[in-house]
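Read the structure below first, then the notes.
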Amino acid sequence: MGRLQTRRRSQPLVLTPQPKVSQRAPKIVFSDLDGSFLTSAKTVHPVNQEALRRLALAQIPFVACSGRPLSSLQDQVSQLGCRYLIASNGANIYDCQEGRTLFSAGVDPAAALALMDAVSDMDVVVDLVVDGCLYSQRGSLGRYEGLGVGPESLATHLKLVHPVDEPLRRLASAGGAIDRMGVWYGPRSDFEAICAQVDALDGLRWIDSEEHVVEMVAAGVSKGAALMWLCEHLGVDRARSVAFGNGGNDIEMLEAAGDGVALCNSQPQVPSHANHLTARDNDQGGCGLYLLDLLERTTL
């Protein structure tokens, strides 16, 4: 997977109803889940459900994309009816129908160990996604709240994590594929220090997806690179793709898509990388409203 080439976006526009025109419909739709396609309660808004139904009728694939590990996304298959999953910020691409991984790109264990050494004196908590499962040391589970992690993020993380008693260094060296790493921190100055350590290492890139955690994947890995890979794999013109996102880990995906759409509840740095901004947020079915309007105005 090559490094994603950044394309500069014009200022995003809020979508407003337009008359139906002879414009071609998308061939594939990608969407981030948390904060984008899912509500704050991790449910699918009725408007988004209707959009999924319309996409299925038109035989337009819907691809769920997330920073979450692959093991935590299996329930989304029945909930969303998606054929493909992009997990761990692009480190895994999974075919739900065939039950197999199409693509994976892991972190070099030597780089993972080097980063653990580099942050060992800092007040941080490290976790690892290995072979699609999220792991953290059992003794660290009580430290997240002290770092200032918000209750919603903390609840989601603790629901996904598998506590282990063995040192994470041993887990990183055991031979499994390291899909991504996470370093949870307190003050923002620690974020900058962690990123500087990552920049000094070969083979890693950092992602600022949410407050109090820096996520690391292998160099060249991103949701955007995964979008490009899957479109090429399926023989779909990338210009006919639509992608939705709200966080820093969605920026490359919004830039790679033919139509990148930022949610109006996005992090401040995200909308400038998109073509459009939704009129409604994730709790109001923003993605679904955009898609239903788009399908109404376009032809297959």
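All of the numbers you see were taken from the coordinates with simple rules; none came from a lab. Fair warning: this is a prediction, and the values are worked out from it, not measured in the lab. Here the Cβ is made from the backbone with ideal geometry for all residues, glycine too, and neighbour counts use every protein chain on show.
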When a/c is below 1.5 the answer is rounded, else prolate if a/b is larger than b/c, else oblate, so apply that to the range 189-267 with a ≥ b ≥ c taken from the square roots of the Cα gyration tensor eigenvalues. oblate
For the chain, give the magnitude of the charge dipole about the Cα centre (Cβ charges: +1 Lys/Arg, -1 Asp/Glu; no others), in debye to the nearest 20. 1160 debye
Can you list, largest first and rounded to whole Å, the semi-axes you get for the range 196-236 by taking the square root of 5 times each eigenvalue of its Cα gyration tensor? 26, 13, 5
Given the chain, report the % of alpha carbon pairs whose separation exceeds 31 Å. 26 percent
Tell me the Rg and the Dmax, in Å, that the Cα atoms of the range 134-212 produce. 13.3, 34
With the dipole of the chain worked out from charges on the C-beta (+1 for Lys and Arg, -1 for Asp and Glu) around the Cα centre, which of Y185, G247, Q284 lies farthest toward the positive end? Q284
With every atom except the alpha carbons ignored, what do you get for Rg and Dmax of the range 10-156, in angstroms? 19.0, 60
When the expected Rg is taken as 2.2 N^0.38 Å, what fraction or multiple of it is the alpha-carbon Rg of the range 224-300? 1.08
Extent along principal axes [Cα atoms of the range 82-180; Å; largest to smallest]: 42, 33, 20
Using packing as a proxy for protection, rank 279-290, 159-170, 214-225 so that the peptide with the highest average count of other Cβ atoms within 10 Å comes first. 214-225, 279-290, 159-170
